[in-house]
Amino acid sequence: MARIAGVDLPREKRVEIGLTYIYGIGLSRSQEVLAKTGVNPDTRVRDLSDADVTTLREAVEGDYQIEGDLRRWEAMNIKRLQDIGTYRGRRHRAGLPVRGQRTRTNSRTRRGAKRTVAGKKKAPKK
């Protein structure tokens, strides 16, 4: 079992993809780490030696901001925007789209499920 930065990597996947399960590491950063450490990206996580896991752990945890630190940093940035009262901060606080998307339609993910009024009668058809 390969455990890096407090995350258990899926055993059946290739290392290149398995590293992306760590928050803050996408495919390009995963490829960059593997190239730097010299680990073959095609090997499965279950086939990694202890030495490989150790080198990957040192490379990832030492050089990049990942997992808890990254989440904390992002939360602090959002809180700073809210505290100084910027437009983006107010949108974050209200749970609305932040980057200029329209809200008349198409913002269900941010605004939540459509709510209906209980007991409201529909207009009769003519």
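Quick check: pseudo-label points 7 Å beyond the Cα along Cα→Cβ at Ala123 and Ala51, how many nm apart are they?
Each label point lies 7 Å from its Cα, and together they span 7.7 nm.
Using alpha carbon coordinates only, what is the Rg to Rh ratio of the stretch 3-64, with Rh defined as the Kirkwood radius?
Here Rg/Rh amounts to 0.89.
Toward the positive end of the charge dipole of the stretch 3-64, about the Cα centre and with charges on Cβ (Lys, Arg +1; Asp, Glu -1), which of Pro41, Pro10, Ser30 goes farthest?
Pro10
Between Thr43 and Gln65, what is the FRET efficiency for a Förster distance of 30 Å, r being their Cβ-Cβ separation, to the nearest 0.05?
The computed FRET efficiency comes out at 0.70.
Based on the mean of other beta carbon atoms within 10 Å per residue, what is the order of 110-123, 36-49, most packed first?
36-49, 110-123
Just subtract the alpha-carbon distance of Lys13 and Arg104 from 0.36 nm times their residue separation and send over the number in nm, one decimal.
28.6 nm
When the C-alpha atoms of the chain are aligned to their principal axes, what extent does each axis show, in angstrom, from largest down?
Largest to smallest, the principal-axis extents are 74, 42, 21 Å.
Sorting Tyr64, Tyr87 on the 10 Å Cβ count, fewest up front, what's the list?
Tyr87, Tyr64
Add -39500 (n - 2.57) for each DSSP H run of 4 or more in the chain, then divide by its residues: what number comes out at 222 nm, to the nearest 500 deg cm²/dmol? The partial results should precede the final answer.
Numbers: 6 runs with 59 residues, N = 126.
Computed mean residue ellipticity for the chain: -13500 deg cm²/dmol.
Readers should treat all values here as calculations from the given coordinates under stated rules, not as data from a laboratory. Bear in mind that the values here come from a model prediction, so they are computed numbers and not experimental data. Because the Cβ atoms are built from the backbone with ideal geometry, glycine has one as well, and the counts that use them run over all protein chains shown.
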